[in-house]
Amino acid sequence: MADASKPAADGAADRNVDQIRDILFGGQMRDYERRFQELNQRLEADLARLRENQEKRLAQIDKRIDEQLDKLARLVRQEVSDRTRAVDDLETRMQQAARSARAEVNEALDGLAGDLAGSDERLRAALAELQASLEARAGETDSALVRAGAELRAEKVGREDLAALLTEFALRLKGDFDLPGA
């Protein structure tokens, strides 16, 4: 039983110590508690004021950001519109340039076709003249051959005369030998 009374005595001693402490430091402790509460209230008021200021600033920043984003969006839309107009204008000019180039090419082709037709006509005329000239020479050559054949038949020709005749004939065919009267 001595043990059971010992905790009761310890509890009573603790209460006595608390009472002594309250007597010695009680006024100071209450003063500290009051100061801590005032400080805590000031801190909470300051925190609330800081939160309010922060929220106002964030709202202002959000508003500025929204304004800047709207401004940038307008600028981007304007830039896109300007670029689209520039591309459309460039496309129109390219189409006009292509049409004018096509017209110039067609005009040049028509001119070249006319020149080609004229050249073709001149070449055909020159070919006809050449053919007539060749036919005339062929007729002359035939006549010369017939005469030479008649002469050969009429006279007996020696080997040297025949060689000279054939040489003359070859030169006339080549056009290198012209007779003074022909």
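The values are calculated or read from the model by the stated rules, or taken from the named source; none is laboratory data. The shown structure was predicted, so the numbers you read here are calculated from the model rather than taken from an experiment. Side chains are part of the model used for accessible areas, which takes the heavy atoms of the whole protein and leaves out ligands, DNA and RNA. Shrake-Rupley method; radii C 1.70, N 1.55, O 1.52, S 1.80 Å.
Of all residues in the range 153-171, those that are modelled with pLDDT under 85, open to solvent by less than 60 Å² (accessible area, probe 1.4 Å) and among the small types (Gly, Ala, Ser) total 1. Can you find a residue in the range 72-94 that is assigned to a helix (DSSP H, G or I) and closer than 30 Å to residue 173 by Cα? Within the range 72-94 (the criterion being assigned to a helix (DSSP H, G or I) and closer than 30 Å to residue 173 by Cα), the answer is no, since none of the residues qualifies. Would you mind stating whether residue 44 is among the acidic types (Asp, Glu), more than 60 Å from the chain's Cα centre (by Cα) and at pLDDT 80 or above? Answer is yes for this residue. Does at least one position in the range 104-124 carry a residue that is closer than 30 Å to residue 172 by Cα and of a type in the set (D, E, K, R)? Among the residues of the range 104-124, at least one is closer than 30 Å to residue 172 by Cα and of a type in the set (D, E, K, R), which makes the answer yes. Criterion first (open to solvent by 50 Å² or more (accessible area, probe 1.4 Å), at pLDDT below 90 and part of a helix (DSSP H, G or I)) does residue 146 satisfy it? Yes; evaluated as a whole, the condition is true for this residue.
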